[in-house]
Ligand SMILES: [Zn+2]
Ligand SMILES: [Zn+2]
C-alpha cells in the first residue's frame, strides 16, 4: 500500500525571500511545494503539477494575479485548485475582486508563519470557502505604532525677527515685521529673550495661563530689543514675577533704562503702573540654571555691551545671537578665512561658545554690497556670517534680525544665495530664515 501523496501547494511569488519563507513554513508542516516566479509560470505549473492549493501573489510579472485567477477558473471550471490570494495590495477593491473570481481567502502581507498555516490548514480541513475579508489594523493593536509628542523636548518660538524698527505692509507678510523677541519653553518653564515689538504677541499668548515666574534675558538695550516691553501684558498683571537680565551698561543700570522708556515724555503709563513684580539683574558669572535648562552668555561684537545666549537642555542646545558684527571690516571671500586667521582669533571665545550647537539663531543683516557702506554698524555681512557657521559647526542656522528694507521677495533671493555660499564652503546647508511665529523643537 502506497502512502498518500502529500498535499501539494503551488506558491506563485516573485520575491525569492518571500517564496523561501513560505516554502520553509509549509514544508515543515508536511506540504509539498512547487514554485512559480511569474503569472505565466504559475499557469503552466498549475496545469502540469496539479496542486491542491495555489498561494497567489497579485503583483506578479507577465500576468497579473487576478488574471491568473480568472484563467485558472476558466481552464478547469469544475476542478480548479483552491486559491489563497496573498498580497500586500489588500485594498477593498482587490479583496472583493479576488472573492468574485473564486479565491478561497485573502492573506495580507506581511504575515506570520502561524497566520499562513492557519489559512492553509483551514482550507484543507474543511474546504470551507471561509471569509475573504480585508485585514483590519485592529486585528493586532499591539503592532500599531502611535508616536506621541512628548514634553521632554524644548520648544522655541520666534516672535520678532526684524532688526532696527518694526515694519508692515504687503511685502512683509511672510517674514513678519516685529523686532527681536523669542522664547524657549520646556515643561512649565518659559524663558524669554529680548523685548522688541514681538514680545507684545508673546505676552498675549501667556494670558490663558496662570501668572508665573518669567525670565527675560536681554541681549542689549538698543531700542529694537526693548521697545515692546511697555506693551508686554503680563507686566501689568499682579501675580506675575518677571526677572530681567542684561549685561551691565556703563552709563545706566538696567532698571533706569527700562524706566526711562516709560517716562511720561514717551509713554502714558509708568513703571509704577505695572503690577507684576519686576526684578532687574545684571548678568554675573557665565551661566545660570532655570529648571532643567542652563542659560549661558558670551559677548558679541556690537556697539554697547551686547551678549548672545545659549540654552542647553540635556544634550541639545540652541544659541540666540541677533546682533553681532562677525569679521568686522572683512570684505574678502569666506573661503579664505582659515582656522588660524587673526580675524577669527578676535572671536575665539564666541566661536568656542557656539561650537556644535544644534540650532544657531544668528543675523546676517547686510548683503555684501550693503556692508561696504555699513562697516562698524554692528551687523554682519552675509558671507561673513557664512564663515561663522562654517567655523562654529552649528548644525542648523536660522537667520534673524532681517533688515527693515528687505521685503519677502528680496529675502527669498538672499536665502538662495546663502544656501549657495554654504555649499561653496562645504557646509551642510541646513539654513532657513526666521519669521515671526516660527516654531521648532530642540
Ligand atoms: Zn538689534
Ligand atoms: Zn543693537
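Checking each residue in the stretch 201-222 for being in contact (Cβ under 8 Å) with a residue 60 or more places away in the chain and touching a helix residue (DSSP H, G or I) at 6+ places or on another chain (Cβ under 8 Å) picks out 211, 219, 221.
Among the residues making up the stretch 190-208, a single one is surrounded by fewer than 17 Cβ atoms within 10 Å (Cβ to Cβ) and in contact with a strand residue (DSSP E or B) (Cβ under 9 Å, 6 or more places away or on another chain): 205.
Among residues of the stretch 293-314 that are in the same structural domain as residue 388 (by TED's automatic domain parsing) and under 13 Å from residue 247 (Cβ atoms), none has a beta-carbon under 6 Å from a residue that is within 12 Å of ligand 2 (Cβ to nearest atom) and at pLDDT below 95 at least six positions away or on a different chain.
Of all residues in the stretch 374-426, those being more than 21 Å from residue 351 (Cα to Cα) and within 16 Å of ligand 1 (Cβ to nearest atom) number 6.
Checked against (1) under 19 Å from residue 241 (Cβ atoms); (2) within 16 Å of ligand 1 (Cβ to nearest atom), residue 212 passes all but a single condition, namely (2). Of the residues making up the stretch 323-343, not one is closer than 19 Å to residue 192 by Cα and away from ligand 2 (no atom under 16 Å from the Cβ). Considering the stretch 218-243, the residues that are in a helix (DSSP H, G or I) and within 16 Å of ligand 2 (Cβ to nearest atom) include one that is farthest from the chain's Cα centre (by Cα), namely 223.
Considered as a group, the residues in the stretch 244-257 that are out of contact with any strand residue (DSSP E or B) (no Cβ under 6 Å at 6 or more places or on another chain) and within 16 Å of ligand 2 (Cβ to nearest atom) include one that is modelled with the lowest pLDDT, and that residue is 250. From the list 388, 417, 422, the lone residue that is over 15 Å from residue 162 (Cα atoms), in a helix (DSSP H, G or I) and in contact with a helix residue (DSSP H, G or I) (Cβ under 6 Å, 6 or more places away or on another chain) is 422. Of all residues in the stretch 403-424, one or more are assigned by TED's automatic domain parsing to the domain that holds residue 297, surrounded by 14 or more Cβ atoms within 10 Å (Cβ to Cβ) and within 17 Å of residue 302 (Cα to Cα). Of the residues making up the stretch 108-130, just one is surrounded by fewer than 10 Cβ atoms within 10 Å (Cβ to Cβ) and either at pLDDT 90 or above or in contact with a strand residue (DSSP E or B) (Cβ under 8 Å, 6 or more places away or on another chain) (or both), namely 114.
Could you please let me know if residue 328 is assigned by TED's automatic domain parsing to the domain that holds residue 304 and not in a loop (DSSP other than H, G, I, E, B)? Taking the combined requirement at face value, the residue does not satisfy it. Residues considered: 72, 84, 66, 26. Of these, the only one that is touching a strand residue (DSSP E or B) at 6+ places or on another chain (Cβ under 9 Å), closer than 19 Å to residue 112 by Cα and assigned to a helix (DSSP H, G or I) is 26.
The values are calculated or read from the model by the stated rules, or taken from the named source; none is laboratory data. Since the structure is predicted, the reported quantities are computational estimates derived from the model, not experimental observations. Cβ: placed from backbone, ideal geometry, glycine included. Neighbour counts: every protein chain shown.
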